[in-house]
């Protein structure tokens, strides 16, 4: 009988996140991109570090290295190159890999490898966050101090079909440390995110913070919603503290699935501090880890780990918020203290439904709004007083009414205002209810009440980008364009990477203030990423006409009709709830003059 061959090696297991979902959406395109990433990202990393591709497993790969240092270096290079490969691809269509790495004794069978070492690497891969790397203790002991990376201790993990707990570490690295290791053909990542050429915002005169999406350490892609929900709730609670400036979720979540230097994130968002963390949910137990990092020097300000049952998740979030406030030496008012420690009832499943509702809502279409409404209703069936779900539902109902997506607009407006009433009943201090009211009342032409609601929303959420944006829009339709522009600027400061809606309304306010050049420039910036946006299109055409660029205005009008062949000035204008007819005429007059259909 032949003697069994064995050897010690570092084994890397990698797998695509959500591969079945991507294949169901675009089978041919997904396979083509997977092949391209293997050829341009994986194979060069293996060649540089002496890796051997043992086998491909559909959407994954098993790779052998003689050195743990080379194995981890190759894994980091590959993950960093995938960040760059995904840079211009929509978030829900990116190819992200989970990677696990173990050093152990392997059984050799020709070119194939088997044994416990392979199984451990594969199970560690399943626990890694999208775009992340998890290593075993044996690898950590070999690479610590030899690789430009830091390691978050995950403790002893119980892995599926592995009899003993495996002590594991999450790998973190700075992209700047790994730029020189990639091939000359691979460009270094831009400091500024796609589509942004503005200088970094200056630091405010009070403590400022961005909360990054928490990493899902559960090994289950479906738990992404839960992890996102935890971070979103921390953002919501922090944003109610008057002495803090908190970056909105839409901007901080741009960095989801990316490995970026915290200092770079801080500069990009214009904040001093960045909170990052992870969530591990197993059965009825939850572990939250969080660390507060100084965005100026990358130093750790505070870090802690929180353990509890699912029913305790709200208290765990409140403890994080309280500890952050203490670390930043922010003194909470009595009302803020009560809000931070407010007892909230509900099920973690509510987060999943709410997150799905949000994703459907931001796709902004008649059919996706239907799905957003359904997801909100599922969340509210579990927790009728969950104000974020009431907020999205209220806005969805107003949209359906104002765009004519439902037969009974009056009933939709009434249902939206009912959502506001329910939100206030659940939490009298929520700004969500006042944003719903302001949004609905503006399109019902109840401008004074709408403005009052917008100001209340800001008072209750002084760091709320959404509150400032909605209040700015309300003031714009009511005729106070100077305040509208100022509020939209503040909304953009609080959400510097997700500003299109606010910028479109600022452009319209600038137009009415007579600053046609600013209206033109802001509209053009919006259209770079949202080319079909009618508000930006029409404002641009009107601004160009008033600047004397009549030929360019007519050209833009012809382009708009290609994308919106059913557009008419009258139908579009009827949906704009200006208080004063002369303000409406100032905007639509140039549209008629360029020859757009009446």
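Each reported figure results from applying straightforward, stated rules to the coordinates on display, with no laboratory input. What you are looking at is a predicted structure, and each value in this text was computed from that prediction instead of being measured. Cβ placement follows ideal geometry from the backbone for every residue including glycine, while neighbour counts extend to all protein chains displayed.
With a ≥ b ≥ c the root eigenvalues of the C-alpha gyration tensor of the chain, is it rounded (a/c under 1.5), prolate (a/b larger than b/c) or oblate?
Taking the square roots of the gyration eigenvalues as a ≥ b ≥ c, the chain is prolate.
Given the convex hull over the Cα atoms of segment 5-181, what projected area results after averaging over all orientations, in nm²?
In nm², the orientation-averaged hull projection of segment 5-181 is 10.1.
What number, rounded to the nearest 500 deg cm²/dmol, is the helix-based mean residue ellipticity at 222 nm of the chain, given -39500 (n - 2.57) per DSSP H run of at least four residues and division by all its residues?
-16000 deg cm²/dmol
What angle do you read, to the nearest 10 degrees and between 0 and 90, between the alpha-carbon axis of helix 465-478 and the longest principal axis of the chain?
Taking Cα atoms only, the helix is inclined about 20 degrees.
Tilt of helix 581-593 relative to the longest C-alpha principal axis of the chain, in degrees (0 to 90, nearest 10)?
80
Helix 387-402: angle to the longest alpha-carbon principal axis of the chain, degrees 0 to 90, nearest 10?
50
Below 8 Å, C-alpha to C-alpha, sequence gap of six or more: please give me the relative contact order for the chain in percent.
Relative contact order comes out at 8 percent.
Quick check on segment 510-598: take the gyration tensor over C-alpha atoms, sort the square-rooted eigenvalues as a ≥ b ≥ c, and tell me if it's rounded (a/c under 1.5), prolate or oblate.
The shape class here is rounded.
Within a 10 angstrom radius of the beta carbon, how do 516, 354 rank from fewest other beta carbons to most?
Final ranking by Cβ density, sparse to dense: 516, 354.
Determine the relative contact order of segment 5-181: mean sequence separation of Cα pairs under 8 Å and six or more apart, normalised by residue count, in whole percent.
25
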